[in-house]
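Report on the structure given below.
The values are calculated or read from the model by the stated rules, or taken from the named source; none is laboratory data. Computed from a predicted structure; not experimentally measured. Here the Cβ is made from the backbone with ideal geometry for all residues, glycine too, and neighbour counts use every protein chain on show. All accessible areas refer to the heavy atoms of the entire protein, side chains included, with ligands and DNA or RNA removed. Shrake-Rupley method; radii C 1.70, N 1.55, O 1.52, S 1.80 Å.
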Amino acid sequence: MSAPHQKNRAEIRPFEVTNKLVFSIALPMTLAFLTTPLLGLVDVAVVGQLGSAALLGGLAISVIIFDLIFGTFNFLRSATTGLVAQSFGRGDEMEQQATFWRSSAIAIVLGIVLIIFQNAILTLGLVVMDASANVSDAATRYFDIRILSAPATLMNYAVLGYVLGQGKGRLGLFLQLVLYVTNIALSIFLGLNLGWGLEGVAWATVIAEYFGVLIGLVVVVSKFLPEAKPSFLRIIDGQEFRKLMSLNGDIMIRSFALVTAFAWFTRQGGQFGDQTLAANAILINFVMIAGYFLDGIATAAEQLAGRSIGANYKPAFIKAIKLTVIWSFILAGVLFVFFWIFGNVLIDIITTEEDVRRIAKTYYLWAALIAFTGVVAFQMDGVYIGATWSQDMRNMMLLSLAVFIISSLILATYWENHGLWVALNIFMGIRGISLTMILPRKIKSAYQNVA
């Protein structure tokens, strides 16, 4: 049964998808997302200056645990973007605000729960990662501080999801810059200038997350239309909450599987020694840069796909897919060339440990190749998130994860770390291929009542 406040799904609200519209979202968000791996590079560089592979490995292990945690709950950003974009396409301002408050409430509750269970989470994470004693000690020191940022981190997901759902790329850029520039500055100041080292990097993240959510709330709430303010009963509407939670559940499983793949990669790399673990940690930042660089276009695909579904306008959906695919491949080529030329320079900047430098330079082209093997996966993720086709995303991700684990066990046996990197490239490729194969069926189903 439809909620009484929802508009007629059969209503068609045409709009034109152009390169200008795509880049009004993609360009600022590409710049915004690039600050995320930049933060990772700065954190690794700060700890790398301490000259200890164990500290660098500890940071890598702890960051992977947080990626598992926060990546799993990234559905708060994705689900909010998709639902707000669809409400935007229907012209339903009140439901956009209601979706934001629902996501915010979930974020705060989940953040508090994570802090309550922090000891269990850390213990399980260290057991799974199977790191050496020195690496585990460093990871614990970082984790115990950064976990305090959980409520703010998840709340920032809801804020960003709302902004992106409305297609406000420049506002999203502003909020991300506030968050990450603050974090980077504090990491350098606390970690190096004050000599707090690993703990300083962790405290920098905590402070920046709370400052970022404060600014985000002030900016977002101030732009709400007073006449479209939802009632408390609408915000807690049972059907809408169930819809959000169902969507969140599928995306949570998908996100957990994705981060599990990177955790598995890190763990398997650790079997080849602390230096290889540290080298892979550096190169994973290259992979993250590729992801965030391409995520700008994927974000445009999210908003435009969701808006098209909400507007019930198939031509806009098809045009959004075509334009975002073309630009994704162009950007992937640019990124690959950049890593090919400057990869060795970046490695030297990040760490002073000679053995780690040497090992990283042996494998860095595998990391650069992911810009190509993962390009369709990034773009298709955007389409499926915007359209809220969460079950299919979940299923294809689980399939890809299974292929990755099996291929990594086989290939690493024969080619060690080279084989592990080949398996990661296979994983990214399978994700994109599988989602593309079922896309025609999903489009036909979504617009079956449209001429």
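Computed quantities for the displayed model
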{"item": "Only listed residue being within 14 Å of the chain's Cα centre (by Cα) and either modelled with pLDDT of 85 or more or open to solvent by less than 20 Å² (accessible area, probe 1.4 Å) (or both), chosen from Ile69, Ile25, Ile61", "result": "Ile69"}
{"item": "Search result, residues across region 373-400 that are in a helix (DSSP H, G or I) and either more than 24 Å from Lys444 (Cβ to Cβ) or open to solvent by 20 Å² or more (accessible area, probe 1.4 Å) (or both)", "result": "Thr373, Val375, Val376, Phe378, Gln391, Asp392, Arg394, Asn395, Met396, Leu398, Leu399"}
{"item": "Which numbered condition Thr352 misses (of (1) closer than 21 Å to Gly57 by Cα; (2) assigned to a helix (DSSP H, G or I))", "result": "(2)"}
{"item": "Flag for Arg234 being more than 30 Å from Trp366 (Cα to Cα) and of a type in the set (D, E, K, R)", "result": "yes"}
{"item": "Residue in region 401-421 that is more than 23 Å from Gly270 (Cβ to Cβ), touching a residue at least 24 places away in the same chain (Cβ under 8 Å) and surrounded by fewer than 19 Cβ atoms within 10 Å (Cβ to Cβ) present", "result": "no"}
{"item": "Subset of region 309-330 [touching a Gly at 6+ places or on another chain (Cβ under 8 Å) and either open to solvent by 70 Å² or more (accessible area, probe 1.4 Å) or closer than 21 Å to Asp295 by Cβ (or both)]", "result": "Ile309, Thr324"}
{"item": "Matching helices (runs of 4 or more DSSP H) fully within region 188-280 where at least 1 residues are at pLDDT below 90 and closer than 22 Å to Ile115 by Cα", "result": "197-222, 238-270"}
{"item": "Hits in region 119-131 (condition: open to solvent by 40 Å² or more (accessible area, probe 1.4 Å), in contact (Cβ under 8 Å) with a residue 12 or more places away in the chain and of a type outside the set (Val, Ile, Thr))", "result": "Asp130"}
{"item": "Out of Ile370, Ile438, Ile349, sole residue that is open to solvent by less than 60 Å² (accessible area, probe 1.4 Å), β-branched (Val, Ile, Thr) and within 27 Å of Ala279 (Cα to Cα)", "result": "Ile370"}
{"item": "Flag for Asp355 being touching a residue at least 60 places away in the same chain (Cβ under 8 Å) and over 30 Å from Arg307 (Cβ atoms)", "result": "yes"}
{"item": "Residue within region 265-272 that is hydroxyl-bearing (Ser, Thr, Tyr) and open to solvent by 30 Å² or more (accessible area, probe 1.4 Å) present", "result": "no"}
{"item": "Selected residue (only one of Gly374, Gly419 is under 19 Å from Phe262 (Cβ atoms), small (Gly, Ala, Ser) and over 23 Å from the mean Cα position of the chain (by Cα))", "result": "Gly419"}
{"item": "Filter result (without any contact (Cβ under 8 Å) to a residue 40 or more places away in the chain and either closer than 11 Å to Ile289 by Cβ or not polar (S, T, N, Q) (or both)) within region 338-352", "result": "Phe338, Trp340, Ile341, Phe342, Val345, Asp348"}
{"item": "Test: Val206 is open to solvent by less than 50 Å² (accessible area, probe 1.4 Å) and closer than 19 Å to Phe33 by Cβ", "result": "no"}
{"item": "Qualifying residue in region 136-148 (condition: under 18 Å from the mean Cα position of the chain (by Cα), hydroxyl-bearing (Ser, Thr, Tyr) and buried (at least 23 other Cβ atoms within 10 Å of the Cβ))", "result": "no"}
{"item": "Residue match in region 8-22 (condition: within 23 Å of the chain's Cα centre (by Cα), at pLDDT 70 or above and over 18 Å from Asn280 (Cα atoms))", "result": "yes"}
{"item": "Meets criteria (of a type outside the set (A, V, I, L, M, F, W, C), in a helix (DSSP H, G or I), farther than 21 Å from Ala107 by Cβ and in contact with a helix residue (DSSP H, G or I) (Cβ under 9 Å, 6 or more places away or on another chain)) for Thr299", "result": "no"}
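Condition check ((1) among the small types (Gly, Ala, Ser); (2) more than 22 Å from the chain's Cα centre (by Cα)) across all residues:
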position: Ser328; (1), (2): yes, no
position: Tyr363; (1), (2): no, yes
position: Met380; (1), (2): no, no
position: Ile385; (1), (2): no, no
position: Ser400; (1), (2): yes, no
position: Ile405; (1), (2): no, no
